[in-house]
Structures are given as structure tokens and as C-alpha cells.
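Values in this text are rule-based calculations from the coordinates and carry no lab data. Just so you know, these numbers come straight off a predicted model, no measurement behind them. Quick reminder, even Gly has a Cβ in these numbers, built from the backbone with ideal geometry, and neighbours come from all protein chains shown.
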Amino acid sequence: MQVPPFSLGEQLRQLGDALDGAVLEVLRSGQYIGGATIGRFEQEFAASCAVPQAIGCNSGTDALILALRGLGIGPGDEVITCSFSFFATAEAISAVGAIPVFVDVDEDTYLIALDRIEAAITPATKALLPVHLFGQPVDMERLCAIAAAHELLVVEDCAQATGAHWAGRPVGSWGDAGCFSFFPTKNLGAAGDGGAVTCRDPQLAQRVRELAVHGMPRRYLHTALGYNSRLDALQAAVLNVKLPHLPVWVERRRAIAERYQRELADLPGVQLPARGGEGHSWNQFVVRVPQCPARTAACDGGCIPSADSASFGLPEACCRDWLKQQLQEQGVSTIIYYPIPIHRQPAYAELGYAPGSLPVTERLCSEVLSLPIFPELTSEQQEQVIRVLRQLVSCPVAVAS
């Protein structure tokens, strides 16, 4: 049996009739851009995030750009964020002309290290951009207190955390703006790209709406240089069908994560993620492989070195990569999020972050491995993941031979 890291097959089987009907209704309506279908989604998604405003857009990347632009962040401004994230987190900052300033992440949560933020604040700092990575929410009470003390804006990157909450409040409702992705692999996925900005301020919402349609407050009047970044009605129709199922899907993800935590707790050489509390939405279940599964001082258990590590000055990743390959050969597919941190990407070479400048981030990039997790993962599939992983770590030479 092959176990994929993610699959939509069963979800589409369960929702197929409703999705077909919703999409066909849009096709027959002829209203593909704007209209009631999008309005309904924006209203219901805003309610699910406990905010009055949600603006649909083309992608999670565009959501970040539109939110930053809408808040007036631009050339010369600095935005503090983390490097252990998808590239779009920093790319959006650069896209509006601002400068990303990276701080390291916490060893246990993989999230931005709150105790390192204030040291990175300068007179040019305009905003904090926390990333709710893998569905784990940042401590937004502490982060917002730091922002308030220094009069900084807060833009939440919620791309991987739809359905997550901190202290009972949904992510996307804490900062000045929340930015969501509806990429198909997210907790709430469209049938292609899609995104949304959430906020409480109606004036910010209006600015974001205008920027998303070429800076138009009304037809053919352009008061700013904007974009063409609209959530189309077909994607909104898909999201309207899926949104009511989100709470059940997140609970299922939590149950899968809890089983991994319970049945892999004593596994030598594999470090499990922090449990994260009830607010974690578990878009990914990311373990760390900090030592060779073969458990020899010389690391001679068949490891294969990572080309990324050698090329970008990162710690050696042979142990993690060996385990990934062995799992694949036993029918279990995994994904590495992320093999190269943003600050070591060639696109950001001019920022001057040397190897070792963010040691926790760089170490994580050489150790992390995401196990299969999605709501429709069967008990049998998860049992295979657990069984194979335990066999590999307990007796790697025997399984590899």
C-alpha cells in the first residue's frame, strides 16, 4: 500500500455531487468575476475568522502583498519575520519595496522566536509578520504586546493555519491583517490558487479591495497602481462547499497528530513536534531527525548527503535524507519543509546573511521531515507509516538491506 503525503481523492468522492453542482451553477450563470458567490464566501469566511472583513484574492502570496500595500508598507520600511517559512513570506515584503529582516525561530515550536524580536527592531521597522507555520499559531498575545510597545503593525501569515486559533481567537483576527492561502493542499483548499485578507478596519478592507482590482474605487477611476488579483467565482463556489466541513477536517487532523504523538513518543533519533495545544490545526506533522537512525558514531548506516546542505552552507542533512529515502522505498511518501531557509536563498544573497547567522533555522532545514497527514488518511495508512518508521529507526540496517 502506498501512503501519499496528501490526497484529495476521498474528499472529492465525498463532496463530488455538491462540488459539481456548485461549479455548474457558476458556469451556467455567466458570472465568473465578482458576484454573489464570492460575496457569500467572503462573508462566511470572515465570520469563521471572527472578523467583520474578508477580501478574496488570487493567492496567499497576493494576500500578503495586498495587506502590506494596504497598510502603507513600502520602500525603506523594514518588516521583521522568520526565515523558516515558504519563500512567499519574504517575497511579498520585497514585492512592496520593503526589506525583510529575519530573526531565528524557537527550537521546539519552529515559530518566530519572540524573545529575539526586539533586538531586531530599528527606526525603520514598520511591521511584524509572524508565520503560523504548519498550523501552529504564534503566541499572539505576546507578539501583539511587543508590536504595541513599539507602535508596529502586525500582518499574520495564516497560509498554513486556516482553522487554527490562539487563546480561543482564530488566527487572522489578532493583527492588523491576516493573510490566507487556499492552495489545494491547505486545510481549506480551492481547486487552484486562491487567497484572502482578513481585517477589522473597513477602511483597510476598502483599500485592499481597490488594490486587487487595479486601484479602482469605481469603474475606470484609478486612484492607485494596483493589481489584477481577484478570487474568481469558480474557486469561491468550491470554497463555499468546503468551508462548513473545515471544523471537522481540523479535528480529524488533530486526531491523526495525536496518534503520531502517542505511538511515536519513544522513538529514538526522531524528535516529534511540540503538541501545540488545542489551537493547532496541523496542516503538517513535521518531525526532526537530528541524529543518524543507524546510531553509529561514524554515521555509516547508508546515509546519503544532501546536495542542498553542501551548496548553501547548511548543516549536513544525510540522516534525514536517508530516512526519507528508506520510507519512500517502503511505500511511505514524505515531504521536506523546507530544505533551504529563505535567508540562504540566492535571491536574498545581497542581504548578507552568512552561514550560521540563524543557527536554529539552519539546523531545522537539515533535520525536518513531514509525515503524511490529511483528514482522509485512513487508520490503516497511518498504521503503515508508524510501523515502517519504527522498523527503520529501531533496525535501520536490516530494513535497508
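By how many nm would the segment from ARG40 to ALA255 lengthen if fully extended, with 0.36 nm per residue of separation less the alpha-carbon distance?
Taking ARG40 through ALA255 to full extension adds about 74.4 nm, to one decimal.
Based solely on its DSSP helices, what 222 nm [θ] is calculated for the chain when runs of n ≥ 4 H residues each add -39,500 (n - 2.57) and the sum is averaged over all residues, nearest 500 deg cm²/dmol?
The helix contribution divided over the chain gives -11500 deg cm²/dmol.
What does the C-alpha gyration tensor say about the overall shape of the stretch 1-124? Classify as rounded when a/c is under 1.5, otherwise prolate if a/b is larger than b/c, or oblate.
Because a/c hits 1.5 or more and a/b fails to exceed b/c, the stretch 1-124 counts as oblate.
Given a cut-off of 29 Å, what percent of all Cα-Cα pairs of the stretch 9-245 lie beyond it?
Summing the P(r) tail past 29 Å for the stretch 9-245 gives 26 percent.
Charges only on Cβ, +1 for Lys and Arg, -1 for Asp and Glu: so what's the dipole of the chain about the Cα centre, in debye to the nearest 20?
620
Of the DSSP beta bridges with both residues in the chain, give the percent that are antiparallel, rounding to the nearest 5.
Among the beta bridges of the chain, antiparallel pairing accounts for roughly 55 percent.
Check cross-link reach from LYS242 to the lysines: straight Cα distance under 19 Å, and skip same-chain residues fewer than eight apart.
LYS186
Roughly speaking, what is the stretch gain from ASP139 to ALA119, that is 0.36 nm per residue apart minus the C-alpha to C-alpha distance, in nm to one decimal?
Between ASP139 and ALA119, full extension yields 5.4 nm more.
Using Cα-only point scatterers and the Debye equation, what is log10 of I(q)/I(0) for the chain at each q in 0.07, 0.10, 0.11 Å⁻¹, rounded to two decimals?
-0.33, -0.68, -0.82
Relative contact order for the chain: what percent, with Cα pairs under 8 Å and sequence separation of 6 or more?
For the chain, the relative contact order is 20 percent.
May I ask which residue of ALA98, ALA113, HIS222 lies farthest towards the positive end of the charge dipole of the chain, with charges of +1 (Lys, Arg) and -1 (Asp, Glu) on Cβ and the Cα centre as origin?
HIS222
Rg (Å, one decimal) plus Dmax (Å, integer) for the alpha carbons of the stretch 198-281?
Considering the stretch 198-281 through its Cα atoms, Rg and Dmax are 21.2, 64 Å.
Quote the Stokes-Einstein diffusion coefficient, in whole µm² s⁻¹, for the stretch 108-210, based on the Kirkwood radius over alpha carbon pairs, a temperature of 10 °C and a viscosity of 1.306 mPa s.
Value of D from the Cα-based Kirkwood radius: 111 µm²/s.
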